[in-house]
Every structure is written in C-alpha cells, then in structure tokens.
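Each remark here refers to the structure printed beneath this line.
The values are calculated or read from the model by the stated rules, or taken from the named source; none is laboratory data. Note that the structure is a prediction, hence the values are computed from the model and not measured. Virtual Cβ from ideal backbone geometry, glycine too; neighbours counted across all protein chains shown.
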Amino acid sequence: MTQPLAPLPPTTLNSRTAVIVFLSFVFAYFLSYALRSVNATIAPLLEQDLGLDAAALGWLSSAYFLSFAGMQWLVGGWLDVYGARRTETALLATAAIGACIVAMSASLWGLSIGRILIGAGVSACLMAPYAYFRRCFAPERQAQLAMWMLIGGTSGALAATQPTLLLAEAIGWRNVFFITSGLLALAALTVFKNIPDIDLGHIKAQNNAKKESVTTPKMSLITVLRHPNMLRVIPTTLTMSGGFIALQSLWVGPWMTHVLGLSINETGIRLFYFNLALITAYVAMSVLSPKLIRAGYTLGLQSKIGFFWMMASLVCILIWRDQQAWWLWVVMSASIPAIILMQTQTGMLFPRAVAGRVLTTFNLIMFTGAFLLQWGIGLAVDLFMFYGRSIDQSLWLAILVLLCLQGMSVIWYLTRPDPIAET
C-alpha cells in the first residue's frame, strides 16, 4: 500500500480567504449536525402529530444515517475527482429538497424519503472540508481545523435543542423544516461562491503521479474493511461512536421524558445543556490531547479511556432514574471527543495516498452503527412493550442491550493485535 507522494502545488489561500473557506464549510456542517439531532427534540411533537410508535420514530431518524452511511464511499471518490466545492454544492442542494419534502409530507413514507435525501445531501459536510484542508492547509493546522469543525457542528446540535423546540412550538415543526430547506440552499450557494478550486490542482498532481507509478494501490471498500487495522476498530466504531450518535440524535430525549419524567420543555433545556457540555468537551480535548500525547498517553490510550468512561456513565444512567439524574448524560458527553479520536488514529495508520478512502470508510461504519442502533433501539422498545413492559421499562432494557454490545466490542478491541502503521 505504498505509493510515491506527488509534489503538491503551492497553497495560495491568504488569511482572509482561509477564514471565509472555513466559515463556509462550518455553516454547512452546522446545519448537517442540527438535522442529525433535531428529532431528539421534536420527537414528542412528531408522536403527537403523526401518531408514530417507537419503531417508526426510530426508523424515521435512522433513515438519515442509512443514506448518510451509504454515500460515504461515493463521496470519497467524488472528492478525489471533482473536488470539495462541486461535490458539496450538489449534495447540499439535494438536502434542501429533502427538507422541503419533510415539511410537506403527512405520511411516514414521505417523511422517510425526505430524511433519506437529507442524509445523502449532508453526507460530505465533514469529509469535504477534511479533504480540502488536507490538500490546501499546512499539516500543523489539520488537528486544530478538524476540532473546530466538530465544535461548529456540535453548535448545530445545540441549536437543535431548546431554541428549535421553542420555534417549532411557535410556528410548527413543518415550518421549521421549510426554513431549514432555505438555509441548506443558502449553504450550497455559499460553498459554491466561496470555496476556491485549489484542491483540484492537488488532485491533478496526485493523479499524474499515479500514472507514473507502478505501485499505485488498488483499494476497494472490501480491501479497506478487511485490513487488520480496520477490523480491530469496526465493533467499537459501530457500538461506541455509532451508539452515541443514535442516543444523541434521538433516544436521549425519550429517555428524559419517559424514564426520568421530565416535560417536553424541561427535556429541551436539558438537551441544550447536554450539547453545550459536548462542545465544551471538544474544546477541552483540543487543548488536552496534544499535552496527553507528550505525557505518553497515545491517541489509542485516550480512546480506551473514553470507552470505559462512556460505559461507566451508561451504568450510572441505568441505575439512577430520578429526575435529577439528567446530568449523568452531561458526564457521559466528556468521553465522546476521546472516542472520536479513534478516527484520527485509524487514518494515521494508513498511507496518505489512501487516507481519504480510509476516513470515509470509517464514517460509513460509524453511521451504519448509528442507523442500526437507532432503529434497533426503537424495535427493541416495541418488542419489550409487546411482552407487557411499560415504555420506561422497555427503554431501560433497550439501553442495557446497547451497553452489553459495547462491552463485547471493547473486549474484541483489547484482544486484537496492536495496529501496524504503514507508510
């Protein structure tokens, strides 16, 4: 998997243009993350308006992740051929159409089609800037840019909590999606107008090098998935990263209303605090992680600590079910940046020539996990209720199943051979 690296064309972004590029990307990712998380906030409104059961609600939210995951390998190829500007512009326009369909639909099928188009449309909102940054910004800026993208995205999740709930109660959740459709169209226009095609020069230089090289790697999706470095992290990526997304974007809300007995407005406020804590955790990790590495705590070790922190938090959440226990979700959020670092670590284990495909494959695994677990929790809740359990007992049992799956995935991770870095 070794390939000569192409000489890169000089980057010509001045400071002002670089800031505009970053803000254009982060605006789109802000909307992407908000749409990922909004169902956790408006779930009670959807239940009341459409009469959805837990399985239908889980499917509706997870449809986003199904299409998002399915697009990742294609997105990686498009970014390597057409560049970030064209790829993300076209996809954001698709997301705008999807949001409009959600706003106009009265059936589960119509809403599902809209959510699928939204998921496909925002599937490049993080990978496009990551690919662009890798090609057009200095290496020492990569980690900082990546962390600030995550902070900007989580701000979207923050906006999707109490502010969105208040807006939805004032104008209706359908009008919220009409407004979102307009914002997605604006994001597409912003990316198209503000992102220079500098990355295309890097792509052409890399392609020229490939034509001259006899060692160009032939990388398929199956090849990446079967690589020992990837096999080691697949279970934890599915259950830890994917599991957190499934909880954050939907099931934290029903847990607070059905298990803790909070009102819809109280839940919206607690979700706001939860996502604010997550942003704080990302900011803190952007400062702490380099210091921890210098102190001997590798990225892999930091992720291991995150795994156990998340599982310990879920144990406490399952044990303590009083209204005051909502803050345990805030405690759990502190583990997430360390868990997400697994993606960075995995990408660094592969040659730069295939890093884009590795990162999008990791995303595919993560959002496949989010889809399976978000829908699966809903199916499990309905199954337990079918056998006579109450909604709060059923949710408790479903989260217990998730915790068991996480435990098994961590055992797999710890018992596999240590990863081997390739150059």
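Lys211 versus (1) over 30 Å from Val410 (Cα atoms); (2) at pLDDT 90 or above: which is the lone unmet condition? Status for Lys211: all satisfied but (2). On the basis of being touching a helix residue (DSSP H, G or I) at 6+ places or on another chain (Cβ under 7 Å) and not in a loop (DSSP other than H, G, I, E, B), does Arg134 make the cut? In short, yes. Regarding Thr361, is this residue buried (at least 22 other Cβ atoms within 10 Å of the Cβ) and among the hydroxyl-bearing types (Ser, Thr, Tyr)? Yes, satisfied.
Kindly check whether there is at least one residue in the range 71-85 that is at pLDDT 85 or above, of a type outside the set (Phe, Trp, Tyr) and under 30 Å from Ile391 (Cβ atoms). No, there is no match, as no residue in the range 71-85 is at pLDDT 85 or above, of a type outside the set (Phe, Trp, Tyr) and under 30 Å from Ile391 (Cβ atoms). From the set of residues in the range 182-200 that are part of a loop (DSSP other than H, G, I, E, B) and in contact with a Lys or Arg (Cβ under 7 Å, 6 or more places away or on another chain), which is farthest from Ala99 (Cα to Cα)? Applying the filter and picking the extreme gives Asp197.
Restricting attention to the range 74-97, does a residue exist that is more than 22 Å from Asp197 (Cα to Cα) and of a type in the set (Ser, Thr, Tyr)?
Within the range 74-97, none of the residues are more than 22 Å from Asp197 (Cα to Cα) and of a type in the set (Ser, Thr, Tyr).
Of all residues in the range 68-83, one or more are of a type in the set (A, V, I, L, M, F, W, C), assigned to a helix (DSSP H, G or I), in contact (Cβ under 8 Å) with a residue 24 or more places away in the chain and under 30 Å from Ile264 (Cα atoms).
For the range 140-168, the set of residues classified as under 19 Å from Met348 (Cβ atoms), in contact (Cβ under 8 Å) with a residue 24 or more places away in the chain and not hydrophobic (A, V, I, L, M, F, W, C) consists of Gln144 only. Within the range 260-271, one or more residues are touching a helix residue (DSSP H, G or I) at 6+ places or on another chain (Cβ under 9 Å), in contact (Cβ under 8 Å) with a residue 60 or more places away in the chain, buried (at least 18 other Cβ atoms within 10 Å of the Cβ) and not in a helix (DSSP H, G or I). Residue check, Ile420 against (1) in a helix (DSSP H, G or I); (2) surrounded by fewer than 16 Cβ atoms within 10 Å (Cβ to Cβ); (3) touching a residue at least 40 places away in the same chain (Cβ under 8 Å); (4) among the hydrophobic types (A, V, I, L, M, F, W, C), all met but one. Which one? Result: Ile420 passes all but (1).
Being over 19 Å from Gly243 (Cα atoms) and either over 23 Å from the mean Cα position of the chain (by Cα) or surrounded by fewer than 17 Cβ atoms within 10 Å (Cβ to Cβ) (or both), is that true of even one residue in the range 396-403? Write out each step before concluding.
Step one: list which residues in the range 396-403 are over 19 Å from Gly243 (Cα atoms), which gives none.
So far as the range 396-403 goes, no, none of its residues is over 19 Å from Gly243 (Cα atoms) and either over 23 Å from the mean Cα position of the chain (by Cα) or surrounded by fewer than 17 Cβ atoms within 10 Å (Cβ to Cβ) (or both).
Scanning the range 164-200 for residues that are under 23 Å from the mean Cα position of the chain (by Cα) and of a type in the set (Gly, Ala, Ser), we see that the one that is nearest to Leu35 (Cα to Cα) is Ser181. Scanning the range 307-324 for residues that are assigned to a helix (DSSP H, G or I) and modelled with pLDDT under 95 gives Gln323, Gln324.
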